[in-house]
Amino acid sequence: MAEKKNILTYAGLKQYEDELQNLKVFKRKEVAQKIKEAREQGDLSENAEYDAAKDEQRDIEARIEELEKLLKNAEVVVEDEIDLDKINVGCKVKVNDMDEDEEMEFYIVGSTEANSLQNKISNESPVGQALIGRRVGDVVDVETQVGTIQYKVLEIQRVS
């Protein structure tokens, strides 16, 4: 079975590459030093510092593996090539919530970059799926857990 492609914006790709570099270059050395210092304290069977450092090392290695897999299967959206006539990954979208008469902005990103606190919604989420391919002026019905929400697409922009 083929690995799922991870759709990323260029900013997302850069963020994950920087995190991977930091983990490999700095965090690995830092935790290795902690393990060395804990070993020098003697009996490892009752050494909480040693256990904590080993746990941290395991977590770092797991995250490195996760990031390498994510980046290996990354498909980067080239923002300059996005067709601004319709919504796609890498777009910033302004919509009007027709029930609340409230304007909202969403950044459409791949699922690995989604972050609701930053209004980054996944192209795989119900709202993302409903918006993909839509144009300015379109009214979109989104099925959510709380019922159907209607959005009117007001504007499509490149993420700057």
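The values are calculated or read from the model by the stated rules, or taken from the named source; none is laboratory data. Remember, predicted model here, so these are calculated numbers, not experimental data. Reconstructed Cβ throughout: ideal geometry from the backbone, glycine too, with neighbour counts over all protein chains shown. Areas reflect the complete protein model, heavy atoms only, side chains present, ligands, DNA and RNA absent. Shrake-Rupley method; radii C 1.70, N 1.55, O 1.52, S 1.80 Å.
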If the reach is capped at under 18 angstrom between alpha carbons, list the aspartates and glutamates near Lys152, excluding any in the same chain fewer than eight residues apart. Asp85, Asp97, Asp99, Glu100, Asp101, Glu102, Glu103, Glu105, Asp138, Asp141, Glu143
Checked against the positive end of the charge dipole of the range 40-160 (+1 on Cβ of Lys and Arg, -1 on Cβ of Asp and Glu, about the Cα centre), the farthest of Ala52, Ala62, Val153 is Val153
Relative contact order (%) - the range 1-145, alpha-carbon pairs under 8 angstrom, separation at least six: 24 percent
How large, in percent, is the carbon and sulfur part of the accessible surface of the range 11-112 at a probe radius of 1.4 Å? 44 percent
Once you put a point 7 Å from the Cα of Glu143 and another 7 Å from the Cα of Thr112, both along the Cβ direction, what distance in nm separates them? 3.0 nm
Could you do me a favour and compute the accessible area per residue for the chain, 1.4 Å probe, result in Å²? 64 Å²
Determine the sum of side-chain charges near Ala62: Lys and Arg each +1, Asp and Glu each -1, restricted to other residues whose C-beta is under 14 angstrom from that of Ala62. -1
Any idea what Rg and Dmax come out to for the chain if you just take the C-alpha atoms, in Å? 21.6, 70
With a sphere of radius 9 Å drawn around the Cβ of Lys92, what net charge do the other residues whose Cβ falls strictly inside it have (Lys, Arg +1; Asp, Glu -1)? 0
Express in nm, to one decimal, how much length is gained between Ser45 and Val76 on full extension, taking 0.36 nm for each residue of separation and deducting their alpha carbon distance. 6.5 nm
What distance in nm separates the two pseudo spin-label positions at Glu105 and Gln129, each 7 Å out from Cα along the beta-carbon direction? 2.7 nm
Are there any GluC sites (Glu not before Pro) in the range 110-156 that are in a DSSP loop and have at most 14 other Cβ atoms within 10 Å? List them by number. Glu124
Step through the table entries Lys29/Lys72; Lys4/Lys34; Lys34/Lys72; Lys36/Lys69; Lys54/Lys120; Lys29/Lys92, compare each Cα-Cα distance with 32 Å, and write down the pairs that go over it. Lys4/Lys34; Lys54/Lys120; Lys29/Lys92
Gap in Å between the Cα centre of the range 30-89 and the Cα centre of the range 107-145? 28 Å
Within the accessible area of the range 116-160, what % is carbon and sulfur when the probe is 1.4 Å and the other protein chains stay in place? 45 percent
So what's the back-of-envelope 222 nm ellipticity for the chain, counting only DSSP H runs of four-plus at -39500 (n - 2.57) apiece and dividing by all residues, rounded to 500? -11500 deg cm²/dmol
